[in-house]
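Input: a single structure, listed below in structure tokens.
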Amino acid sequence: TQLLEQSPQFLSIQEGENLTVYCNSSSVFSSLQWYRQEPGEGPVLLVTVVTGGEVKKLKRLTFQFGDARKDSSLHITAAQPGDTGLYLCAGPLTGANNLFFGTGTRLTVIP
Amino acid sequence: GAGVSQSPSNKVTEKGKDVELRCDPISGHTALYWYRQSLGQGLEFLIYFQGNSAPDKSGLPSDRFSAERTGGSVSTLTIQRTQQEDSAVYLCASSLLAGVLTGANVLTFGAGSRLTVL
């Protein structure tokens with residue numbers, strides 16, 4: 001059983017389309033992070049959300065932390081081929097510092 | 001160093017052999033994590049070294065797995081009597097501070113060590 005479940009697991013879309021990736025848990029997290037990983041490399045941090053209900057924008061990417069701090073979403077507007085990669089959410093359980101990762105969403109943006 | 005360095009980048013071994021994977025974190029980083037990633041999936045937490053405190057070993061899958069961090073810097077992950085299910089990419093990451101990863105305290109990953117057990 002994974003602490004953080006991501007959906008969808010795979011997503012293939014055309015360039016210019018919008019998409020949303022979800023990260024859900026039954027546990028409360030003190031913060032949640034989103035990473036992107038490309039083949040042969042380690043994950044790279046995109047954003048950290050800390051406050052329930054928080055929304056952060058990074059160019060065409062919008063991240064939201066659920067009010068109850070159990071879930072998060074990543075929305076990409078007008079996807080580009082450069083957005084292709086494995087997207088991972090991660091967070092520490094409240095009171096803990098070790099970081100748990102989600103199951104991952106593999107995104108392919110077709111030119 | 002400038003980034004997190006892991007070696008070897010690739011390791012092929014026979015079932016039953018022992019392997020050692022090395023992680024050289026960013027200089028001065030207090031916290032060091034080991035994760036395992038199978039077939040491009042999510043990361044499975046293995047162990048977390050948090051400065052001078054006792055490491056969090058709660059993610060180690062069996063007693064065949066062990067890790068140490070000498071002098072608060074380099075870490076070695078050892079897998080004894082490897083099995084085929086141990087095949088995966090082993091990722092190491094470090095952060096400046098032990099504790100909540102917010103603000104400037106971000107996690108930086110190495111490129112990983114790909115282990116294949118035949």
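The values are calculated or read from the model by the stated rules, or taken from the named source; none is laboratory data. Remember, it's a predicted structure, so these values are computed and weren't measured experimentally. Virtual Cβ from ideal backbone geometry, glycine too; neighbours counted across all protein chains shown. All accessible areas refer to the heavy atoms of the entire protein, side chains included, with ligands and DNA or RNA removed. Shrake-Rupley method; radii C 1.70, N 1.55, O 1.52, S 1.80 Å.
Observations on the structure shown:
- Among the numbered conditions (1) within 14 Å of chain A (Cβ to nearest Cβ); (2) assigned to a strand (DSSP E or B); (3) open to solvent by 20 Å² or more (accessible area, probe 1.4 Å), the only one that residue B:111 does not meet is (2).
- Selection of strands (runs of 3 or more DSSP E) fully inside chain A by the criterion of at least 2 residues being free of Cβ contacts under 8 Å to residues at least 12 places away in the same chain returns A:55-58.
- Qualifying residue in the stretch A:38-58 (condition: polar (S, T, N, Q) and at pLDDT below 95): yes
- Some residue of the stretch B:64-76 being at the interface with another protein chain (Cβ under 9 Å from one of its Cβ atoms) and open to solvent by 70 Å² or more (accessible area, probe 1.4 Å): no
- Taking the stretch A:42-83 as the range and being over 23 Å from residue A:100 (Cβ atoms) and surrounded by 18 or more Cβ atoms within 10 Å (Cβ to Cβ) as the test, the residues that pass are A:76, A:79, A:83.
- The stretch A:25-41: number of residues that are crowded, with 16+ Cβ neighbours inside 10 Å and over 23 Å from residue B:110 (Cβ atoms): 3
- Candidates A:64, A:33: the one that is modelled with pLDDT of 95 or more and of a type in the set (S, T, N, Q) is A:64.
- Among the residues making up the stretch B:81-101, those that are at pLDDT below 90 and either more than 10 Å from chain A (Cβ to nearest Cβ) or open to solvent by 50 Å² or more (accessible area, probe 1.4 Å) (or both) are B:96, B:97, B:100.
- Subset tally (residues that are within 14 Å of chain A (Cβ to nearest Cβ) and either of a type in the set (Ser, Thr, Tyr) or touching a helix residue (DSSP H, G or I) at 6+ places or on another chain (Cβ under 8 Å) (or both)) for the stretch B:8-48: 6
- Scanning the stretch B:46-69 for residues that are assigned to a strand (DSSP E or B) and either without any contact (Cβ under 8 Å) to a residue 24 or more places away in the chain or within 11 Å of residue B:98 (Cβ to Cβ) (or both) turns up B:48, B:49, B:50, B:56, B:65, B:66, B:68.
- Search result, residues across the stretch B:4-41 that are under 22 Å from residue B:64 (Cα atoms) and either part of a loop (DSSP other than H, G, I, E, B) or of a type in the set (Lys, Arg) (or both): B:8, B:9, B:11, B:14, B:15, B:16, B:17, B:18, B:22, B:36, B:38, B:39
- Selection over the stretch B:64-110 of residues that are touching a strand residue (DSSP E or B) at 6+ places or on another chain (Cβ under 7 Å) and more than 26 Å from residue B:53 (Cα to Cα) gives a count of 7.
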